[in-house]
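The values are calculated or read from the model by the stated rules, or taken from the named source; none is laboratory data. Predicted, not measured: the structure shown is a model, and the values here were computed from it. Using ideal geometry, Cβ is built from the backbone for each residue, glycine included, and neighbour counts are taken over all protein chains shown.
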């Protein structure tokens with residue numbers, strides 16, 4: 001059995017178009033194409049959003065936790081279709097459902113991002129993501145994305161054998 005794929009920050013930057021301060025995935029700890037990705041986000045006090053959210057008690061905004069899950073989902077999608085994104089190939093949010101926030105995320109936390117591919121059907125990919133700190137769930141959501149590609153549609157289509 002093959003060992004799960006891992007990525008450092010340099011490899012992540014080849015897969016995602018995001019850059020500081022909006023790149024919210026620091027490391028891929030494990031990724032199995034078509035199944036799951038486990039990623040890490042180190043939450044540091046010098047993140048630009050902490051200055052205003054909130055000065056008296058810095059908290060990572062929930063929408064950025066969901067964005068971190070979405071970025072991890074993007075890596076899983078690109079690994080699944082074996083595409084290195086470029087200016088002609090991207091995945092975009094089409095829906096976020098059932099988002100839940102259970103605990104605050106503070107400076108010094110390590111945010112573990114666990115995303116599974118639930119299905120891909122007619123160009124819409126559905127993922128379930130859970131964010132954890134110290135093994136405890138802090139947020140979760142269902143994330144749906146769709147590819148935008150200027151290449152033939154089959155290139156970024158549904159993975160073989162996974163029609164829903």
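Here is a list: 54, 50, 45. Which entry is farther than 22 Å from residue 93 by Cβ and crowded, with 16+ Cβ neighbours inside 10 Å?
Details: 54 fails: crowded, with 16+ Cβ neighbours inside 10 Å; 45 fails: crowded, with 16+ Cβ neighbours inside 10 Å.
Answer to the selection: 50.
Taking residue 122 and the conditions (1) in contact with a strand residue (DSSP E or B) (Cβ under 8 Å, 6 or more places away or on another chain); (2) within 16 Å of residue 143 (Cα to Cα); (3) modelled with pLDDT under 90, which numbered condition does it fall short on, given that it satisfies the others?
(1)
Could you list all residues from segment 61-95 that are crowded, with 17+ Cβ neighbours inside 10 Å, touching a strand residue (DSSP E or B) at 6+ places or on another chain (Cβ under 7 Å) and not in a helix (DSSP H, G or I)?
Matches in segment 61-95: 83, 89, 90, 91.
Surrounded by fewer than 15 Cβ atoms within 10 Å (Cβ to Cβ) and at pLDDT 95 or above: is that true of residue 98 in this structure?
Against the criterion (surrounded by fewer than 15 Cβ atoms within 10 Å (Cβ to Cβ) and at pLDDT 95 or above), residue 98 qualifies.
Among (1) part of a strand (DSSP E or B); (2) over 16 Å from the mean Cα position of the chain (by Cα), there is one condition residue 118 misses while meeting the rest; what is its number?
(2)
Please go through segment 1-32 and pick out each residue that is more than 15 Å from residue 112 (Cα to Cα) and in contact (Cβ under 8 Å) with a residue 60 or more places away in the chain.
5, 12, 14, 15, 16, 17
Name every residue in segment 126-157 that is touching a helix residue (DSSP H, G or I) at 6+ places or on another chain (Cβ under 6 Å) and either surrounded by fewer than 16 Cβ atoms within 10 Å (Cβ to Cβ) or modelled with pLDDT of 95 or more (or both), in order of residue number. Please lay out each step first, then the result.
Initial filter on segment 126-157 (touching a helix residue (DSSP H, G or I) at 6+ places or on another chain (Cβ under 6 Å)): 127, 129, 131, 139, 141, 143, 147, 149, 156.
Across segment 126-157, the qualifying residues are 127, 129, 131, 139, 141, 143.
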